[in-house]
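K.L.:
Sharing a structure with you now.
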Amino acid sequence: MQLSADSQSVFFQGTAYDRNPSQIGPKTFIDRVAIKTGEKTRVYESDNHDVYERVTTVLDADARRFVVARESPTEVPQNFLLDGTRRIQLTRNQDFTPDITKARIERLSVERPDGFKFRVTVNLPQDYQAGTRLPAIFWFYPREFQDQESYDRPDRTFNKNAFPSFGSRSMEYFVRLGYAVVEPDSPIVGRDGQMNDNYVHDLRTNLSVVIDELDRRALVDRTRLAIGGHSYGAFSAVNAMVHTPFFKAGIAGDGAYNRTLTPIGFQSERRDLWEAPQVYLNMSPFLYANHLTGALLMYHGLADQNVGTDPTNSLRLYHALNGLGKTTALYLYPLEDHGPASKETLLDLWARWAAWLDKYVKNPQSHDSPKTRITTSSENR
């Protein structure tokens with residue numbers, strides 16, 4: 001909010017979302033509001049026809065000149081100067097991953113047997129041919145909700161016209177290697193403060209209905225699936241591998257795998273270990289390590305300072321899986337915190353992730369190599 005030059009008005013900036021955000025994108029605006037009367041005058045309103053535009057900087061006290069950022073699902077965000085009727089482009093940003101930007105995206109809704117509906121995003125190679133069943137990696141991060149209404153609420157601010165952005169750990173890059181990248185929501189639903197009573201049940205059910213629907217649509221090969229995640233996603237990926245038979249391989253980074261090591265609470269869980277001991281035990285994949293299916297690759301930053309994800313979690317799970325004769329590997333990265341950041345670490349991880357999935361998911365076969373391995377990145381630099 002900004003005061004006008006004559007101090008008689010203020011400027012109100014906002015975003016209007018349609019009732020059907022998946023069909024109609026958001027519209028941004030600036031209104032001049034008279035302080036004494038409340039009368040509104042719209043001084044700027046964006047176009048929302050397949051583009052998203054918003055004011056980033058107001059350049060004068062009366063909001064006559066400003067800089068806007070404009071983007072679309074296929075157009076890189078660019079900045080423009082708006083000065084009356086003039087629109088001057090200020091930037092020439094480039095899309096450095098056009099093949100990922102133009103990858104085919106399927107957004108669908110699935111329904112569990114209990115009637116709960118949730119969303120799934122499937123990223124496919126740009127040249128994907130309908131009916132081709134691809135090997136797939138699921139990358140996810142479960143969240144807790146009390147009911148369908150609380151789950152649906154955030155979707156009302158969905159921006160269909162946003163340009164897709166990718167970071168150094170965006171799993172969408174796997175479409176370049178011929179994988180479908182599946183990003184399912186995984187709602188854990190229950191009464192306030194007790195959602196995790198249903199964690200294992202909902203985790204199984206969510207993954208099962210997603211796989212069934214993708215199989216029905218002939219998008220993935222259900223016999224060649226991997227699952228992964230980071231932090232709580234890593235914890236949930238390992239839980240998926242010990243509580244379901246669906247996945248040939250997994251990737252788990254900077255996770256916590258024994259909930260007795262977070263006895264005072266974690267995520268949205270506010271009960272402590274002594275109030276809800278069975279919940280903590282049921283949610284600890286470490287205690288079900290003997291049930292692990294598939295080959296698990298773990299990584300952990302040795303300087304992880306995040307509460308609850310001390311590197312000992314990965315070390316102890318690795319030792320358990322090693323002793324049980326499971327196929328596993330653990331890579332430890334000195335000086336990395338809760339999430340790999342250095343170029344050397346990221347390049348090392350991507351090479352290992354790709355090799356792991358190619359070996360155990362895309363081209364599964366018998367191997368004579370050792371079933372377990374633990375290393376620090378300094379061994380490979």
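K.L.:
Here are Thr57, Thr101, Thr85: which of them is among the β-branched types (Val, Ile, Thr) and touching a residue at least 40 places away in the same chain (Cβ under 8 Å)?
P.N.:
It is Thr101.
K.L.:
Being among the polar types (S, T, N, Q), out of contact with any helix residue (DSSP H, G or I) (no Cβ under 8 Å at 6 or more places or on another chain) and within 27 Å of Gln305 (Cβ to Cβ): is that true of Ser231 here?
P.N.:
Yes, satisfied.
K.L.:
Can you spot a residue in the stretch 251-269 that is within 23 Å of the chain's Cα centre (by Cα) and within 16 Å of Thr327 (Cα to Cα)?
P.N.:
yes
K.L.:
Cβ contacts < 9 Å: first residue in contact (Cβ under 8 Å) with a residue 12 or more places away in the chain, restricted to the stretch 146-158; second residue of a type in the set (Ser, Thr, Tyr), any location; separation 6+ or different chain. Result?
P.N.:
Once the first residue is in contact (Cβ under 8 Å) with a residue 12 or more places away in the chain and sits in the stretch 146-158, its partners that are of a type in the set (Ser, Thr, Tyr) give Asp155/Ser22; Arg156/Tyr17; Thr157/Thr15; Thr157/Tyr17; Phe158/Tyr17; Phe158/Ser22.
K.L.:
Please work out if Phe66 is in contact (Cβ under 8 Å) with a residue 40 or more places away in the chain, open to solvent by less than 50 Å² (accessible area, probe 1.4 Å), in a strand (DSSP E or B) and among the aromatic types (Phe, Trp, Tyr).
P.N.:
Spelling it out, it is not the case that Phe66 is in contact (Cβ under 8 Å) with a residue 40 or more places away in the chain, open to solvent by less than 50 Å² (accessible area, probe 1.4 Å), in a strand (DSSP E or B) and among the aromatic types (Phe, Trp, Tyr).
K.L.:
Which one of the conditions (1) in contact with a Lys or Arg (Cβ under 7 Å, 6 or more places away or on another chain); (2) outside any helix (DSSP H, G or I); (3) not small (Gly, Ala, Ser) does Tyr280 fail to meet, given that it meets all the rest?
P.N.:
Checking Tyr280 against (1) in contact with a Lys or Arg (Cβ under 7 Å, 6 or more places away or on another chain); (2) outside any helix (DSSP H, G or I); (3) not small (Gly, Ala, Ser), the one that fails is (2).
K.L.:
Run down Asn79, Asn48, Asn20 and say which single residue is at negative phi and open to solvent by 80 Å² or more (accessible area, probe 1.4 Å).
P.N.:
Of Asn79, Asn48, Asn20, the one residue that is at negative phi and open to solvent by 80 Å² or more (accessible area, probe 1.4 Å) is Asn20.
K.L.:
Looking at Asn313, Asn282, Asn258, Asn290, can you tell me which residue is within 20 Å of Phe246 (Cβ to Cβ), at pLDDT 95 or above, out of contact with any strand residue (DSSP E or B) (no Cβ under 7 Å at 6 or more places or on another chain) and surrounded by 17 or more Cβ atoms within 10 Å (Cβ to Cβ)?
P.N.:
Every option except Asn282 fails the conditions.
K.L.:
Would you mind finding the one in Ala320, Ala289, Ala276 that is out of contact with any His (no Cβ under 6 Å at 6 or more places or on another chain) and over 21 Å from Pro142 (Cα atoms)?
P.N.:
Checking each option against the conditions leaves just Ala320.
K.L.:
Across the stretch 23-45, which residue is most open to solvent (accessible area, probe 1.4 Å) among those that are of a type in the set (S, T, N, Q) and under 35 Å from the mean Cα position of the chain (by Cα)?
P.N.:
The selected residue is Gln23.
K.L.:
Another question, then. Which of the residues that make up the stretch 219-256 are hydrophobic (A, V, I, L, M, F, W, C) and assigned to a loop (DSSP other than H, G, I, E, B)?
P.N.:
Passing the criteria: Leu219, Phe246, Phe247, Ala256.
K.L.:
Follow-up question, since we're still on this one. Among the residues of the stretch 319-362, how many are part of a helix (DSSP H, G or I) and either open to solvent by 50 Å² or more (accessible area, probe 1.4 Å) or not hydroxyl-bearing (Ser, Thr, Tyr) (or both)?
P.N.:
The total comes to 23.
K.L.:
For the stretch 88-98, give me each residue that is open to solvent by 40 Å² or more (accessible area, probe 1.4 Å) and touching a residue at least 12 places away in the same chain (Cβ under 8 Å).
P.N.:
Leu90, Arg92, Asn93, Gln94, Asp95
The values are calculated or read from the model by the stated rules, or taken from the named source; none is laboratory data. Predicted model, so just to flag it, every value in this text is computed and none were measured. Counting neighbours? That spans all protein chains shown, and the Cβs are built from the backbone with ideal geometry, glycine included. Remember, those area values only see protein heavy atoms, side chains included, never the ligands or the DNA or RNA. Shrake-Rupley method; radii C 1.70, N 1.55, O 1.52, S 1.80 Å.
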